[in-house]
Amino acid sequence: MPAASNVLSSIDSAQPQTFDIRPFPGAVGAEVTGLDLAQPINAADFTRIHRAHLDHHVLVFRDQHITPEEHIAFSRRFGELQIHVLKQFLLEGHPEILIVSNIIENGRNIGLGDAGKFWHSDLSYKALPSLGSMLHAQELPSEGGDTLFADMHRAWDAVPEALRKVVEGRSAAHSYTARYAETKFEGDWRPTLTAAQLAEVKEVIHPVVRTHPENGRKALFVSEGFTTRIVGLPADESRDVLQQLYALSVLEANIYRHRWQPHDLVFWDNRSLIHLAAGCPAHLRRKLYRTTIQGDAPF
């Protein structure tokens, strides 16, 4: 029997699980407790998870003791997975997983240590940016290491009418190398890109304001991490407009700060949010595994 048929069969025969989805107090995020992602998830439970992801933009699955294979399998329920350009930081035998870590072993960084050092939406620098990302905690520091998420639907709602007239209908350029070499945390975690890697991350153009393909809501789609300019505006005006949009993107009321707990798996919607890694002391070990799900061309 083909592998895809085996997966569908296990889904069809999966028993329902009893789990709770509790929204966080603020504007973004919900906690999922009682669900075991190591077990097959039937269609009804998956539909409930999918709906919660669209409604809350960030889902925190607590206490997930899953293997890389199970992590990848759950991610694939949402779409095709994308392979990160930094191949040296992919989990051996599982290229779908990017290692996010500050750990050095045998004089070598085992993962990308400063991933997310500026606000960004994952892979907005690709023609088909990410639908969402799943980050699973492996080792956590005793302090620091938080991840912040900001609601870009609410950011768009906050844009004044005069500024809306400037950006509506316009596009912006996104580049992986926009701030690639800038250091923010301790250490030099960014390897020099090869010619082949640079060819994978050529500049792309996306709408400044995108429409979410599943919930129909508009959201800002620019970020300090990857957006370089607004197409068609003079350089000075482009910089000024982008700075205004960045400020509106990170209003305190629209941010969820995730304080990691052991074995958390966090699944966020890159079409609705931008996120930021807050960093942690360099001497404290931190390691997480990330999968990235491919989305659609923004419109």
**OP:** Mind checking which of Ala195, Leu81, Gln294 is farthest towards the positive end of the chain's charge dipole, using Cβ charges of +1 (Lys, Arg) and -1 (Asp, Glu) about the Cα centre?
**Re:** Ala195
Subject >> Rounded to 10°, Cα long-axis angle of helix 235-249 versus longest principal axis of the chain >> reply: 40 degrees
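Sort Ile21, Ile83 by heavy-atom solvent-accessible area, probe 1.4 angstrom, most to least.
Ile83, Ile21
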**OP:** Find the accessible area per residue for segment 3-143; the probe is 1.4 Å, ligands and nucleic acids are left out, and the unit is Å².
**Re:** 44 Å²
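Compare Glu105, Glu161 by solvent-accessible area with a 1.4 Å probe and give them largest first, with all protein chains kept in place.
Result of the area sort, largest leading: Glu161, Glu105.
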Original post:
Extension gain Thr67-Thr211, at 0.36 nm per residue separation less the Cα-Cα distance, in nm?
Top reply: 48.4 nm
Original post:
Among Thr211, Thr67, Thr147, whose mean-square fluctuation peaks in a Gaussian network model of the chain (Cα, cutoff 10 Å)?
Top reply: Thr67
Original post:
Val231 to Glu200: extension gain in nm, 0.36 nm per residue of separation minus the Cα-Cα distance?
Top reply: 9.0 nm
Subject >> With every protein chain in place, the chain: carbon and sulfur % of accessible area (1.4 Å) >> reply: 51 percent
Original post:
Quick one: net charge of Asp122's neighbours, Cβ under 12 Å, K/R +1, D/E -1?
Top reply: +2
**OP:** Rounded to the nearest 10 degrees, what's the angle between the helix 43-56 long axis and the longest principal axis of the chain, both from Cα atoms, 0 to 90?
**Re:** 30 degrees
**OP:** Just add up the charged neighbours of Trp156: K/R +1, D/E -1, any other residue whose Cβ is under 13 Å from the Cβ of Trp156.
**Re:** +2
Subject >> Percentage relative contact order, the chain, counting C-alpha pairs under 8 Å, at least six apart >> reply: 32 percent
**OP:** Assign unit charges at the C-beta atoms only (+1 for Lys and Arg, -1 for Asp and Glu), then state the dipole size of the chain relative to its Cα centre in Debye, rounded to the nearest 20.
**Re:** 440 debye
Subject >> Total formal charge among the other residues, if their Cβ is under 15 angstrom from that of Val241, Lys/Arg +1 and Asp/Glu -1 >> reply: -1
Original post:
What per residue convex hull volume, in Å³, do the alpha-carbon atoms of the chain yield?
Top reply: 138 Å³
Original post:
Per-residue ellipticity at 222 nm for the chain, helices alone: DSSP H runs ≥ 4 residues times -39500 (n - 2.57), over residue total, nearest 500 deg cm²/dmol?
Top reply: -6500 deg cm²/dmol
Original post:
Using the heavy atoms of the protein chains alone and a 1.4 angstrom probe, what is the accessible area of segment 159-296 per residue in square angstrom?
Top reply: 47 Å²
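The values are calculated or read from the model by the stated rules, or taken from the named source; none is laboratory data. The structure displayed is predicted, hence computed values, not measured ones. Note that we place each Cβ from the backbone using ideal geometry, even for glycine, and neighbour counts take in every protein chain shown. Ligands, DNA and RNA are stripped out before the accessible areas are found, and what is left, the full protein with its side chains, is counted by its heavy atoms. Shrake-Rupley method; radii C 1.70, N 1.55, O 1.52, S 1.80 Å.
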